[in-house]
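Engineer: One structure follows; several queries about it will come next.
Every read-out reported here was derived from the displayed coordinates using simple, explicitly stated rules and does not represent laboratory data. The structure presented is a predicted model; accordingly, all values stated were derived computationally and were not measured. Cβ placement follows ideal geometry from the backbone for every residue including glycine, while neighbour counts extend to all protein chains displayed.
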Amino acid sequence: MIFRETPLAGAFVIEPEPYRDERGYFSRLFCAKSFAAHGLIDHFEQVSQSHNHRRGTLRGLHLQRPPNAEAKLVRSVNGAIYDVIVDVRAGSATYGKWFGIELDADNGLQLYIPPGFAHAFQSLTDQAQVSYHISAPYVAELQDGILWSDSDLAIDWPFPEGATISPRDRTLKRFADFEPIALACC
């Protein structure tokens with residue numbers, strides 16, 4: 001696996017190094033030792049998957065607050081998504097900055113998202129499926145989020161008009177009203 005730092009401290013794009021032969025390919029997607037060597041969380045409590053029927057479906061910006069702030073390892077297992085993270089760690093040099101990347105089943109890229117980041121994606125294809133490894137158990141009372149279309153963040157979404165969004169995600173708070181996440185970081 002190749003670990004590439006993003007412009008946001010602690011977040012990495014992880015590229016598999018497939019071994020190819022006449023049968024197809026084999027590649028490692030996770031290795032606790034490699035993750036630990038890069039200072040990343042190397043234990044995941046749960047694995048979840050979302051299926052998105054239509055291109056343009058948008059989920060997020062979501063996160064959990066401490067003590068269940070979570071790291072995520074995200075990849076597309078079918079179709080393609082535009083994956084976005086926003087640094088919401090108090091005191092971070094990149095607080096309020098975002099990073100986006102296309103993850104698709106063909107490129108095999110994964111995004112490692114450390115605790116203290118809001119996360120969202122928009123499906124670029126019909127029938128996009130996304131797999132998440134998550135480091136902390138879900139606790140409904142600790143869920144939080146930021147409005148995906150907040151002009152203070154100015155995220156450049158592929159399909160801003162006509163996006164399929166849940167009623168909850170349409171009513172998330174604006175970034176200006178969001179309380180930063182207090183974590184030891186960057």
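Engineer: Could you list, in sequence order, all residues of the range 1-32 that are farther than 20 Å from Gly108 by Cβ, in contact with an Asp or Glu (Cβ under 9 Å, 6 or more places away or on another chain) and either exposed (fewer than 14 other Cβ atoms within 10 Å of the Cβ) or among the small types (Gly, Ala, Ser) (or both)?
Structural biologist: Ala9, Gly10
Engineer: Something else now. I want to confirm something. Restricting to the range 83-114 and keeping residues that are touching a Leu at 6+ places or on another chain (Cβ under 6 Å) and hydroxyl-bearing (Ser, Thr, Tyr), which single residue is farthest from Tyr25 (Cα to Cα)?
Structural biologist: Restricting to residues being touching a Leu at 6+ places or on another chain (Cβ under 6 Å) and hydroxyl-bearing (Ser, Thr, Tyr), the top hit is Thr94.
Engineer: Return yes or no: is Ile41 under 16 Å from the mean Cα position of the chain (by Cα), surrounded by 14 or more Cβ atoms within 10 Å (Cβ to Cβ) and more than 20 Å from Ala80 (Cα to Cα)?
Structural biologist: The answer is yes for Ile41.
Engineer: Sticking with this structure for a sec: Select from the range 125-156 the residues that are of a type outside the set (A, V, I, L, M, F, W, C) and without any contact (Cβ under 8 Å) to a residue 12 or more places away in the chain and write down the one among them that is surrounded by the fewest Cβ atoms within 10 Å (Cβ to Cβ).
Structural biologist: Glu141
Engineer: In addition: Which pairs turn up if I take residues in the range 10-25 that are more than 30 Å from Val86 (Cα to Cα) and look for partners that are surrounded by 10 or more Cβ atoms within 10 Å (Cβ to Cβ) and of a type in the set (A, V, I, L, M, F, W, C) with beta carbon separation below 7 Å, at least 6 apart in sequence or on another chain?
Structural biologist: Tyr19/Phe26
Engineer: Can you pull out the strands (runs of 3 or more DSSP E) entirely within the range 33-125 that have at least 2 residues that are farther than 23 Å from Asp177 by Cβ and among the aliphatic types (A, V, I, L, M)?
Structural biologist: Correct list: 72-78, 80-87, 98-104.
Engineer: Within the range 132-186, how many residues are in a loop (DSSP other than H, G, I, E, B) and either of a type in the set (A, V, I, L, M, F, W, C) or more than 18 Å from the chain's Cα centre (by Cα) (or both)?
Structural biologist: The total comes to 26.
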